[in-house]
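Have a look at the structure below before the remarks.
What follows draws every value from the coordinates through simple rules; no lab data is involved. Being a predicted model, the structure only gives us computed values, none of them experimental. Here Cβ is always computed from backbone atoms with ideal geometry, including for glycine, and neighbour counts include all displayed protein chains.
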Amino acid sequence: MLGKYFELGERRTSVKIELVAGATTFLTMSYIIFVNPAILSETGMDRNALVAATCITTALATIIVGIFAKAPIAMAPGMGLNAFFAYSLVLSGKVNWQTALGVVFLSGLFFLVLTLLGLRKKLVEAIPPGLILAISVGIGLFITFIGLVKLGVVVNNEATLVSAGKLTPTVLIGLAGLIVMIFLEAKKVKGALLIGIIFSTILASILGYIDKPAEIFALHLNISAVAFHLDIFAALKWSLFGSIFSLMFMDMFDSIGTLVACCHQANLVDEQNRIKGLDRLLGIDAIATMIGAVLGTSTTTSYIESAAGIEQGGRTGLASLVTGVCFLLALLFVPIVTIVPEYAIAPALVMVGLFMIKEVRRIDFTNLEEAFPAFIIIVMIALSYSISTGLAFGFISFALIKLVSSKAKEIKPVMWIIAVLSVLFLTL
């Protein structure tokens, strides 16, 4: 029955291969169980509830992809998108976390509408490729900075704004975990980030820096502290439209980039080299974001770590089904997850930043008309501590450079709209 529904024979795979692929994807992206709650809890949200919400949202989204899209793609709260939620929306003082969840819900709703109306393609084509790549690089640099601060390697300095921190025992424990991650990644070991986090946590426990959990398994999970607390009406403000657009924009390009890479790798393309069921996958992504907002977590997106499972032979939705079930099983270990110290999780942020910043090699820095706006996006995301601010500066600078170069006709109408919205975002 499984073979017939998931077309295992037609896609030249088997139940065994799909099981291994699904488990591999889980191992490579399981670090989000630690990292996502660590970032979002800074807004005042309950960390225990966030761990459960992360697992449930990831499981639901990935299982839906497996059953309805029949693709080996995993979806979960996105790195960078959760940073936008925490630092650009809540900690910047714009809104509380309940309203921020409303912003996430609306961004998912607008994303779904764009997909259903077929407007997604026009929006995607309006943004130059160099600027799209710069967003990933800028967020990678931003996440790396956050990770270094959480680790204690970078600290506040009144004279120079930031400086190197002291090598305290906890910093050394975190750095030891980082070395483990780098070594295992170099050896292409699956789950390198997860192993590094576990290593630092065990080391901290042995040295007496953390207490042992009161229990190992949890059968009484409660996500009520974050679930169903979104405030959609408070998010319906003109001043938050830029943030809604930014989240929708980042999710869209993040998902499209991931789906293009993974679906081509899995040979899920037609004769015209178009991805089979792309709109369905993007629609599920948008719906998953709305579900995640209701359950109490940030924007859900397609995960590039799905490529690890595809590399192991995953070709169908059965692999996604296995990955989703693994995240449900992870719910049993919430008590263990919640004792993991921040300095053990921080190295994973640095590694994620490294993975994202590698996209810089694809930016054409010989073309100044795109290179400068891309550079501004990268720099301003990190230095302004705001993803949306970096995007706004980049889009405005792109339009201005084209305008003063007498190449305004090269800018597509949608891009002009984006540039105007960026000006309004910065001024309002």
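Observations on the structure shown:
- Here the dipole of the chain is about 560 debye; that uses its Cα centre as origin and unit charges on the Cβ of Lys and Arg (positive) and Asp and Glu (negative).
- Options [x] 0.91; [y] 1.07; [z] 0.96 - which one matches Cα Rg over 2.2 N^0.38 Å as calculated here: [z]
- The stretch 221-254-the stretch 330-365 distance, computed between alpha-carbon centres (Å): 22
- Under 5 Å, built H, 5+ apart or other chain: amide partners of VAL269: LYS276
- Placed amide H near VAL154: partners under 5 Å, 5+ positions off or other chain: VAL149, GLY165
- Anisotropy class of the stretch 354-428 from Cα gyration tensor, a/c 1.5 cut: oblate
- Dipole axis of the chain (+1 Lys, Arg; -1 Asp, Glu on Cβ), positive-most option in ILE179, ILE135, SER306: SER306
- Projecting the Cα atoms of VAL340, VAL360, SER397 onto the dipole axis of the stretch 330-400, where Lys and Arg carry +1 and Asp and Glu carry -1 at the beta carbon, places VAL340 farthest toward the positive end.
- The spacing between the stretch 370-416 and the stretch 24-55, judged by their C-alpha centroids, is 32 Å.
- The HN-Hα couplings worked out from phi for the stretch 84-96 by the Karplus form 6.51 cos²θ - 1.76 cosθ + 1.60 (θ = phi - 60°) are 4, 4, 6, 8, 7, 9, 8, 5, 6, x, 5, 9, 8 Hz, whole numbers, x standing for Gly and Pro.
- Convex hull volume of the Cα atoms of the stretch 321-370, normalised per residue: 136 Å³.
- Dipole moment magnitude, nearest 20 debye, the stretch 296-428 about Cα centre, only Lys, Arg, Asp, Glu C-beta charged: 320
- Qualifying trypsin sites (Lys or Arg not before Pro) in the stretch 92-180, where qualification requires a DSSP coil assignment and no more than 11 other C-beta atoms within 10 Å, comprise LYS166.
- Most fluctuating residue given options GLY66, GLY44, GLY108, as computed from a GNM of the chain linking Cα atoms under 10 Å: GLY44
- Highest mean packing first, where packing is the average number of other Cβ atoms within 10 Å per residue, the peptides 315-325, 8-18, 335-345, 205-215 line up as 315-325, 335-345, 8-18, 205-215.
- The chain - mean residue ellipticity at 222 nm from DSSP helices (-39,500 (n - 2.57) per run, n ≥ 4, rounded to 500): -20000 deg cm²/dmol
- The spread of Cα positions in the stretch 242-380, taken along each principal axis and listed from longest to shortest, comes to 52, 45, 31 Å.
- Span-like helix criteria (full DSSP H runs; alpha carbon extent of at least 27 Å along the helix axis; mean Kyte-Doolittle hydropathy of at least -1.0) are satisfied in the chain by 97-117, 129-151, 241-265.
- Note on the stretch 55-119: Cα convex hull, mean projected area over all directions, 5.5 nm².
- Per-bin percent of Cα-Cα distances, the stretch 1-111 [5 Å]: 2, 10, 18, 20, 16, 11, 9, 7, 4, 2, 0
- Amide H within-cut-off set for ALA76, under 5 Å, with H built and near neighbours excluded: THR301, TYR303
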